[in-house]
Amino acid sequence: METTKLDPYAALRYADFRFFLGTQFTYTVAVLIQEVVLGYYLYEVTGDPLALGLIGLFEAIPYLALALFGGHAADLFDKKNIARISILAMITISSLLMYGLHLYKGSDEGRYIIYAAVFLIGVARGFLGPAWSSIKAFLVDQQHYSNAASWASQFWQGGMITGPAVAGFLYAYLGLEYTLFVVIGLFVLSFLSASMIKAKSHVEKTSPVNLWQSLREGYHFVTGSRILIYAIALDMFSVLFGGVIAILPVFAKDILQVGPEGLGILRAAPGIGAVLTMFGTAFYPPTRKAWRNMLLAVLGFGLATLVFALSKNFYLSIAALFFTGAFDSISVVVRQTILQVLPPDEMRGRVNSINGIFVSCSNELGAFESGVAAKLLGTVPSVIFGASMTIVSIGIIYYKTRDLLGVNLLDRKR
């Protein structure tokens, strides 16, 4: 039994989990390519960093509005089918986006078409996110949850590397429309891979389900677990204030002057750091003294972000972004393990939807915050401010959670 627990490839021995990883990788690559080229195109057309922030805002609004209902649906219906329908919707939206930009590229109408498409993608993500993030627990045995979290995070980060790395080159050599065609093809592959998952991914309800009571149960479960709510809050504050991804086009074009190819490298750097680190977590899980490791990792993320803000050298900037990904990956593995270990099967969708709301706040609303701060304070001062706020928030949370420093997720639930 002990040997099985320490097997670094344990989760990969499940066929359904391998299809999960294939879906996650192709979907992530598609989303990132689309995000990078749309962001660079908008900044190229407008020259306004706020235009980049608005992409995050238009995606966050529908996601935040629908995520709780998406979590309720994920607990009520088959998670795989919800994921397939959501990906199919993204294929349709991306196809309409490509056609719309073909007609109105370079005009104000083209900008509005992008915002509308991003908004509709946010609607689809409101249902896809809770279903997909909670399906992992149905694909592997419980003793392999930490290992599954490591591999899932590696493939997600692999997509985070591949998508941005190829996006800049696709945009430079194929143009916007043909790059979006590649995105649609990748979404199709993710749909086919998701369709290959055979495991049952929902729990039959034995009594009628009241929507509002269901949502309250999920909320009270999350707020009743200190390590869970503080893990979510820590991630939210660090990325909300410390994230720089949304305004990387400004650094690539105006500060470092490296163009779309350089932007692709900058966007890929955090993912490379994350994948290399996460490969190590498959062999040496950070779940022993999990909370201590998470606090140290987020502190490292904040310091690396500060170095990036001050850097004027392209290679130092790449290194700083590499370390933001490396440190962030440790906190991701810890948080994802918590999300698999703690919730009961019948509540996974709702718990993951609440986590998704906070993640969306940190990512999409963080992108909006980055755009607004860059507009008001200037690009570099806004990143320095965000990194400093991240470090301050870590100090406050550390003071409130010192009793959790010895928690071992492999041995106990909390």
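Structural remarks
- Here the Gaussian network model covers the chain, with springs between Cα atoms less than 10 Å apart; of G110, G264, G70, G110 fluctuates the most.
- Cut-off 15 Å between beta-carbons: net charge of the residues surrounding A268, Lys and Arg +1, Asp and Glu -1: -2
- Amide H contacts of K289 (H built 1.01 Å from N, in plane; Pro and chain starts excluded): N408, L409 sit under 5 Å, all sequence-distant by 5 or more or on other chains.
- As a proxy for reagent exposure, T46, T162, T223, T287 were ordered by neighbouring Cβ count within 10 angstrom, fewest first; the result is T223, T46, T162, T287.
- When only the Cβ of Lys, Arg, Asp and Glu is charged (+1, +1, -1, -1), the dipole of segment 39-95 relative to its Cα centre reaches about 280 debye.
- Over all other residues within a Cβ to Cβ distance under 12 Å of M98, the charged ones net out to 0, with Lys and Arg as +1 and Asp and Glu as -1.
- Look at F58, F169 and count the other Cβ atoms within 10 Å of each Cβ; fewest to most, that gives F169, F58.
- The charge dipole of the chain, taken about its Cα centre with unit charges on the Cβ atoms of Lys, Arg (+1), Asp and Glu (-1) only, comes to about 980 debye.
- Helical mean residue ellipticity (222 nm; -39500 (n - 2.57) per DSSP H run of 4+; nearest 500) of the chain: -27000 deg cm²/dmol
- Rg and Dmax of segment 22-99, Cα atoms only, in Å: 14.9, 45
- Rounded to the nearest 20, the Cβ-based charge dipole of segment 223-306 about its Cα centre (Lys and Arg +1, Asp and Glu -1) stands at 380 debye.
- Base-10 log of normalised Debye intensity for segment 225-339 (one unit scatterer per alpha-carbon) at q = 0.15, 0.18, 0.21, 0.22 Å⁻¹: -0.64, -0.86, -1.08, -1.15
- When the C-alpha to C-alpha distance is required to be over 30 Å, the pairs from K79/K400; K80/K400; K312/K375; K80/K375 that qualify are K79/K400; K80/K400; K80/K375.
- Scattering profile of the chain at q = 0.11 Å⁻¹ [log10 I(q)/I(0), Debye over alpha-carbon scatterers]: -0.77
- Over segment 136-192: Rg over Rh, Cα atoms, Kirkwood Rh: 1.16
- Distance between the C-alpha centres of segment 295-311 and segment 118-182: 24 Å, rounded to the whole angstrom.
Read-outs: derived from the displayed coordinates by stated rules, not from any lab. Computed from a predicted structure; not experimentally measured. Virtual Cβ from ideal backbone geometry, glycine too; neighbours counted across all protein chains shown.
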